[in-house]
Amino acid sequence: MKKVKRYKHIVLDSSYSESVPFKPVRSGFRKRIPERDRKSHGEKLVKQFHFAWEEATKRDEERKAIALPTKEGIYLEIEGLFDYDLELQKLEDRRCGIKLLNVRQQKVEERTKELASIFIPNGKESCFLKKIREYLEEETKKGIPRNNDLIAKIENIRLAVVESFWQDSKDLLPKKDKVWCEIWIWFEEEKKKATIENFKGLLRSLKIEFKDKILYFPEVAVILAKCNL
């Protein structure tokens, strides 16, 4: 049995404190809206959305053919424009079950863009498409395209992949060798037990080792699983 090194506790001095003003992580200079060719941009996003949806449907059919569970919706990656913040609150639509899952930043030299992953339930794709259609076809009283702040800042829409959900450094993403990873699972409270059991069943069917102990947060459960890419 390996001897574990023990260290003294870190004790903070409670007699000292310092107040500092709050500084948001997202920079305010990107609040402006980019200029777009409305027709070409909107039509491009509609085409990308349909392509992603068709690809997801095709993959689900392939999974059914080998008796693997299928998803009840689609996971999309929304790529923002360099130097502009995505309208994150408007990407989510709780009424339609559309949920924002994560947000990442990608830096290339001195420029930064945001990428967001969203989940859209089956049958609710029209809710997201409607926002793009309104951008293409409708205007506000000021003559500005509807949803301009949301749609103009989206550069591309595509099907989400494993890297879309990886929150750590990409260098730590396991390739061939399996390592223990935290899997964060979103659930609805009334379906919590079924969601977790279904996921465990999927891990067993794929012969992926996992720990029985689960850490619960509001709307999210964390499971440790030993897996690779």
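The values are calculated or read from the model by the stated rules, or taken from the named source; none is laboratory data. All values derive from a computational prediction rather than experimental measurement. Counting neighbours? That spans all protein chains shown, and the Cβs are built from the backbone with ideal geometry, glycine included.
Brief remarks follow.
- Verdict on ALA160 being assigned by TED's automatic domain parsing to the domain that holds TYR84, closer than 30 Å to GLY42 by Cβ, out of contact with any Pro (no Cβ under 9 Å at 6 or more places or on another chain) and surrounded by 12 or more Cβ atoms within 10 Å (Cβ to Cβ): yes
This table checks each residue for (1) more than 30 Å from GLU35 (Cβ to Cβ); (2) surrounded by 14 or more Cβ atoms within 10 Å (Cβ to Cβ); (3) in contact with a helix residue (DSSP H, G or I) (Cβ under 8 Å, 6 or more places away or on another chain).
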site	(1), (2), (3)
ARG133	no, yes, yes
LYS141	no, no, no
PRO145	no, yes, yes
GLU188	yes, no, yes
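- Set TRP184, TRP180: member being hydrophobic (A, V, I, L, M, F, W, C) and closer than 22 Å to GLU77 by Cβ: TRP184
- Verdict on THR112 being more than 21 Å from the chain's Cα centre (by Cα) and among the polar types (S, T, N, Q): no
- Extreme residue, nearest to ARG94 (Cα to Cα), among residues of segment 213-227 that are in contact (Cβ under 8 Å) with a residue 24 or more places away in the chain and surrounded by 13 or more Cβ atoms within 10 Å (Cβ to Cβ): ALA221
- Residue match in segment 131-151 (condition: touching an Asp or Glu at 6+ places or on another chain (Cβ under 6 Å), of a type in the set (Lys, Arg), modelled with pLDDT of 90 or more and not assigned by TED's automatic domain parsing to the domain that holds PHE187): yes
- Residues (exposed (fewer than 12 other Cβ atoms within 10 Å of the Cβ) and either among the β-branched types (Val, Ile, Thr) or closer than 22 Å to LEU81 by Cα (or both)) located in segment 169-185: SER169, LYS170
For (1) polar (S, T, N, Q); (2) within 16 Å of the chain's Cα centre (by Cα); (3) within 15 Å of LEU91 (Cα to Cα), each residue gets a yes or a no:
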{"residue": "PHE128", "(1), (2), (3)": "no, yes, yes"}
{"residue": "TYR135", "(1), (2), (3)": "no, no, yes"}
{"residue": "LYS141", "(1), (2), (3)": "no, no, no"}
{"residue": "ARG146", "(1), (2), (3)": "no, no, yes"}
{"residue": "ASP149", "(1), (2), (3)": "no, no, yes"}
{"residue": "LYS153", "(1), (2), (3)": "no, no, yes"}
{"residue": "LEU159", "(1), (2), (3)": "no, yes, no"}
